[in-house]
Amino acid sequence: MRTFSILLISLLSSITLIGQEITGQWNGVLKVQGTQLRLVFNVTKTDKGVSSTMDSPDQGAKGIPTTSTSFENSILTITIENARIEYVGALGKDNIIVGTFKQAGQSFAMNLSKEVIEKEKLVRPQEPIKPYPYYSEDVTFENSKARINLSGTLTLPKKDGVFPVAILISGSGPQNRDEELLGHKPFLVLSDYLTKNGIAILRYDDGGTALSGGDFKTATSADFATDVESAIEYLKTRKEINKNKIGLIGHSEGGLIAPMVASKSKDVAFIVLLAGTGIQGDQILLLQQKLIGKASGVSEEDLQKTELTNRKAFEIVNKSNSMEQLNIDLTNFIKQSLVDNPNAGKPQGMSDDDFVKLQVKQIANPWMQYFIKYNPRPALEKVKCPVLAINGEKDLQVPPKENLEAIKEALAKAGNKKVTIKELPDLNHLFQECKTGSPEEYATIEQTFSPTALTEILKWVQTQTK
């Protein structure tokens, strides 16, 4: 599930340096929320002093021109105006520049060295290592409605045989088939565990992500639901799949999508909702922002101000029928909010206009507009197949009590008696054992997926597929 935050890494632009000792290739690794990004400054001498370019190897970008730089009294200062970036570092006698990378008011420590710096290898003990003790095949299947091809991986307990299967549906944001985020691969771990225990798994890159076709920027949950429908049709063509035992396992937004599909398809034998939503999107976001804010130490007064502003913004979205008009209405509203509260979360150094544009962009897009308006209850009220819904007790993104209760009530209205609802102690939104549940913990936890949660899922799926 998405959270509101300003993420780094956009357009990076030009540098001018003074002093021969600073020329050469300077290497650094920027660490942001568990993600590591290698950056390289290539500094060369010119008639007027020094110029440079920037490389971002992990993004496949080389020779990016930059904006301005100074090197005085061993202090290197680089500013990149169009991306609101500043790097300041001190060159020491050990030929290491110790510095800070800033963007839009956020600061990240980043040192530079002439030596090539490798990204730190993250410890993820649950990730399986090839060769796997089961059959794995990279596959491609068509979403005929969207006219795109989706790429994924089908794992089978054995190459030959007929097996029950589950389709894994990822959470929000552009996810690959492993649902890779913050140094973790939850779907790789889940797929490996279930396949080892007799359940075939199909997982795939989201449309417009990695090797799958499509345009992720314009897609909504409804579009992703058609990807799932296409995955079901594909599995029905495979001789290794028991056509009567095709299930869906959705995490976060995937737990919203699974009931959308199951409510309309007789081909779905069961669904597992991992931190799935039971209440409307705007309410989810309000709860999420409040809980994460509290965990981050935000004062009660500021939390209340933020909630009031967000409620009004979401009201504008709920009443909107036109993206063009939504942009206008939100722009006017956020501008007025800034007048009323000039320090309303605006990063230091960011202009009012840029702040307003950023806020509007986060809300006035197809995915967010759809999510804010979408109430999962009507779809859940039509689900007749067996359902397992589990949440972590410390989930701050899809709070367990409000959502599990709403899911339970909706399925009861459907007359569905094959329902298991569980809140698992001490687990966060990613089903990791945690201390606070804050998203800031996700990357720092070695565990990718709690064994307790894995066991709950397996036992329940095995019961449905006997």
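The values are calculated or read from the model by the stated rules, or taken from the named source; none is laboratory data. Predicted model only: the values in this text are computed from it and were never measured. Using ideal geometry, Cβ is built from the backbone for each residue, glycine included, and neighbour counts are taken over all protein chains shown. The area values use the complete protein model at the heavy-atom level, side chains included, leaving out ligands, DNA and RNA. Shrake-Rupley method; radii C 1.70, N 1.55, O 1.52, S 1.80 Å.
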Would you mind stating whether Lys245 is in contact with a Pro (Cβ under 6 Å, 6 or more places away or on another chain) and either over 19 Å from Glu423 (Cβ atoms) or among the acidic types (Asp, Glu) (or both)?
yes
Inside the stretch 78-92, can you point out the residues that are among the charged types (D, E, K, R) and over 9 Å from Lys102 (Cα atoms)?
Glu81
Here is a list of conditions, (1) open to solvent by 50 Å² or more (accessible area, probe 1.4 Å); (2) not in a loop (DSSP other than H, G, I, E, B), and Ile167 meets all of them except one; can you say which number that is?
(1)
What are the pairs with Cβ atoms under 6 angstrom where one residue, in the stretch 202-215, is outside any loop (DSSP other than H, G, I, E, B) and the other, located anywhere, is of a type in the set (Lys, Arg)? Sequence gap at least six, or different chains.
Arg203/Arg177; Tyr204/Arg177
I'd like to check something: does the stretch 10-28 contain any residue that is modelled with pLDDT of 80 or more and under 19 Å from Gln106 (Cβ atoms)?
yes
Taking the stretch 243-267 as the search range and keeping residues that are open to solvent by less than 40 Å² (accessible area, probe 1.4 Å) and more than 20 Å from the chain's Cα centre (by Cα), which one is nearest to Val461 (Cα to Cα)?
Gly247
Exactly one condition in (1) polar (S, T, N, Q); (2) touching a residue at least 24 places away in the same chain (Cβ under 8 Å); (3) within 27 Å of Arg84 (Cα to Cα) is not met by Thr277; state its number.
(3)
The stretch 198-240, residues that are polar (S, T, N, Q) and in contact with a Pro (Cβ under 8 Å, 6 or more places away or on another chain):
Thr209, Thr218, Thr220
Of all residues in the stretch 119-135, count the ones that are touching a residue at least 24 places away in the same chain (Cβ under 8 Å) and either polar (S, T, N, Q) or closer than 20 Å to Gln432 by Cβ (or both).
8
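Can you name every one of the helices (runs of 4 or more DSSP H) wholly within the stretch 306-417 that holds 3 or more residues which are out of contact with any Pro (no Cβ under 9 Å at 6 or more places or on another chain) and either within 25 Å of Ala83 (Cα to Cα) or open to solvent by 70 Å² or more (accessible area, probe 1.4 Å) (or both)?
Hits in the stretch 306-417: 323-340, 352-363, 366-373, 400-413.
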Could you list all residues from the stretch 430-466 that are in contact with a helix residue (DSSP H, G or I) (Cβ under 6 Å, 6 or more places away or on another chain) and open to solvent by 70 Å² or more (accessible area, probe 1.4 Å)?
Thr436
Pairs, please: C-beta under 9 Å, at least 6 apart or cross-chain, first residue of a type in the set (Asp, Glu) and in the stretch 143-170, second open to solvent by less than 10 Å² (accessible area, probe 1.4 Å)?
none
Residues being under 22 Å from Val228 (Cβ atoms) and not in a loop (DSSP other than H, G, I, E, B): count how many of those fall in the stretch 114-158.
17
Condition met for Lys121 (open to solvent by 30 Å² or more (accessible area, probe 1.4 Å) and either of a type in the set (Gly, Ala, Ser) or within 29 Å of Gly208 (Cα to Cα) (or both)):
yes
